[in-house]
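Trainee: I have a structure I would like to understand better, so I am pasting it below and will then ask my questions one at a time.
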Amino acid sequence: MSEIIYRNTFDNILTVGYDFPVEDCFYVGDNEAIVADGITRDPIGVGDFSTCSKEELLNKYPRPSGGELAAKEICNSFSKSSGTLKERLVMANEAVKSLNNKYIKSCDYLENDYYGAVAACISIKDDVLYYSYICDCGVIVFDKYGNIKFKTQDDKELFSDPYIDKIGIPWNLPEARKIVRSKYRNNLNNIVDGKCVSYGALTGEEVAVSFIREGSISLDKGDIVIVYSDGLTNFLNDKEFINIMLNFEKDKVDKYIAEKAKEDYKKYGSEKTLVVFKI
């Protein structure tokens with residue numbers, strides 16, 4: 001038997017005071033949950049990010065954001081669908097396709113990039129955890145002693161990032177963003193060293209389905225299951241964070257995550273979501 005003990009989205013600490021879109025979203029049902037993380041958009045009318053101040057970039061960020069809309073649509077679709085978790089993510093991808101058919105007449109991978117998000121979802125039945133995910137949202141299981149029992153892999157970090165890092169063009173330039181989004185996202189033909197080095201995202205493109213992973217693992221009494229967006233990644237090996245989860249107190253979780261993010265947002269993420277179950 002599982003119990004939901006925590007759920008929260010921590011807003012982007014870099015955008016406080018700017019009425020910035022919240023591009024993480026989650027849904028929790030009976031013994032199931034999904035977390036979705038919207039793909040960051042380009043500011044309107046800005047090619048080279050280095051030509052604008054932070055304030056200008058934030059003020060020119062699209063509102064509503066396509067990433068925000070996609071994340072919400074994915075969670076909404078999941079909440080209303082049935083079938084295996086992968087099948088439900090496929091249906092969520094179709095829902096994002098409808099968004100893009102409405103808003104993106106021609107994708108340029110910049111201001112008019114496809115709306116999209118990455119996601120991870122779970123279902124717990126008879127002490128078995130079923131999971132499905134795409135890209136760098138994930139699922140982790142700690143046993144009652146705080147040991148990592150299972151963790152999904154970050155496909156982007158594992159396969160794509162080593163090659164993206166060698167592009168040699170700064171991200172602030174549109175050329176770099178276009179290369180990454182067109183060549184390294186949802187591209188099964190991007191083969192280097194005998195392997196596909198692209199990552200997946202739910203953009204409504206049919207090929208995205210090929211990047212959805214799924215599996216299952218048996219659970220034991222006392223296990224902690226966390227579904228999370230990538231902003232939480234560096235907390236997962238943090239001993240204090242794990243201890244707080246094992247000896248759960250909501251206020252301590254809220255305070256610790258917020259303080260660590262303010263202390264070092266590059267390490268601990270500027271925006272993050274987590275949903276936590278205990279067996």
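The values are calculated or read from the model by the stated rules, or taken from the named source; none is laboratory data. The structure displayed is predicted, hence computed values, not measured ones. No Cβ is skipped: glycine too gets one built from the backbone with ideal geometry, and neighbour counts run over all protein chains shown. SASA here: full protein model, heavy atoms, side chains in, ligands and nucleic acids out. Shrake-Rupley method; radii C 1.70, N 1.55, O 1.52, S 1.80 Å.
Trainee: Work out the length of the dipole vector of the chain about its Cα centre, built from +1 on the beta-carbon of each Lys and Arg and -1 on the beta-carbon of each Asp and Glu, and round it to the nearest 20 debye. Provide the component values of the computation, followed by the final result.
Mentor: Numbers: 36 positive and 45 negative charges, 43 e Å.
Using only the charged Cβ atoms, the result is roughly 200 debye.
Trainee: Tell me the carbon and sulfur percent of the accessible area for region 229-279, rounded to whole percent, probe radius 1.4 Å.
Mentor: 43 percent
Trainee: Quick check on my link table: of 144/239; 156/178; 105/178; 156/239; 221/250; 252/278, which ones sit more than 19 Å apart, alpha carbon to alpha carbon? Walk me through the intermediate numbers first.
Mentor: On the way: 144/239 14 Å; 156/178 17 Å; 105/178 17 Å; 156/239 25 Å; 221/250 21 Å; 252/278 17 Å.
Table pairs above 19 Å Cα-Cα are 156/239; 221/250.
Trainee: Excluding the sites themselves, what is the longest stretch of the chain that contains no trypsin sites (Lys or Arg not before Pro) in a DSSP loop with at most 15 other C-beta atoms within 10 Å?
Mentor: 1-59
Trainee: Quantify, in whole percent, the carbon and sulfur part of the accessible surface of region 40-170 (1.4 Å probe; protein heavy atoms only).
Mentor: Whole-percent figure for carbon plus sulfur exposure: 49.
Trainee: Would you work out which of 85, 192, 277 lies farthest towards the positive end of the dipole of the chain, given +1 charges on the beta-carbon of Lys and Arg and -1 on that of Asp and Glu, about the Cα centre?
Mentor: Of 85, 192, 277, it is 192.
Trainee: Where does region 70-128 land on Rg(C-alpha)/(2.2 N^0.38 Å)? Before the final figure, lay out each step's value.
Mentor: Numbers: Rg = 13.6 Å, N = 59, 2.2 N^0.38 = 10.4 Å.
Relative to the 2.2 N^0.38 Å estimate, region 70-128 comes out at 1.32.
Trainee: With charges set only on the Cβ (+1 for Lys and Arg, -1 for Asp and Glu), what does the dipole of region 143-212 come to about its Cα centre, in debye to the nearest 20? Before the final figure, lay out each step's value.
Mentor: Values: 11 positive and 10 negative charges, 19 e Å.
It works out to roughly 100 debye.
Trainee: While we're looking at this one, here's another question. Tell me, how many Å apart are the Cα centres for region 27-42 and for region 64-80?
Mentor: 8 Å
Trainee: Under 17 Å Cα to Cα from residue 266, which lysines show up? Leave out anything in the same chain fewer than 8 places away.
Mentor: Reachable lysines: 54.
Trainee: Just one of (i) 131; (ii) 236; (iii) 120 is volume of the Cα convex hull per residue in Å³ as worked out from the coordinates here. Which one is it?
Mentor: (i)
Trainee: When the dipole is taken about the Cα centre of region 1-85, and only Lys, Arg (+1) and Asp, Glu (-1) are charged at their Cβ, what size is it in debye, to the nearest 20?
Mentor: 140 debye
Trainee: Then there's this: Quick check: pseudo-label points 7 Å beyond the Cα along Cα→Cβ at residue 59 and residue 84, how many nm apart are they?
Mentor: So the two model labels end up 5.1 nm from each other.
Trainee: Averaged per residue, what accessible area in Å² does region 46-157 show with a 1.4 Å probe, protein chains only?
Mentor: It amounts to 45 Å² per residue over region 46-157.
Trainee: Relative to a virtual label point 7 Å from the Cα of residue 51 in the Cα→beta-carbon direction, which members of region 169-193 show backbone nitrogen distances below 17 Å?
Mentor: 170-178
Trainee: Also, quick follow-up: Considering only protein heavy atoms, what per residue accessible area in square angstrom results for region 193-272 with a 1.4 angstrom probe?
Mentor: Values: 3950 Å² over 80 residues.
The answer is 49 Å² per residue.
Trainee: A 32 angstrom limit on the alpha carbon distance is what I want to check against. Which of 166/267; 72/125; 80/195; 166/260 exceed it?
Mentor: Pairs exceeding 32 Å: 80/195.
Trainee: Could you tell me the relative contact order of the chain? Use alpha-carbon pairs under 8 Å, at least six residues apart, and round to a whole percent.
Mentor: Working: 571 pairs, mean separation 71.8, N = 279.
Relative CO of the chain lands at 26 percent.
Trainee: What whole-number volume per residue, in cubic angstrom, does the convex hull of the C-alpha atoms of region 53-152 give? Can you show the working numbers first?
Mentor: Details: hull volume 14.1 nm³, N = 100.
Cα convex hull per residue, to the nearest whole number: 141 Å³.
Trainee: Related question: So which aspartates and glutamates pass the test for residue 97, namely a Cα distance under 15 Å, with those fewer than 8 places away in the same chain ruled out?
Mentor: Output for residue 97: 68, 73, 113, 205, 206.
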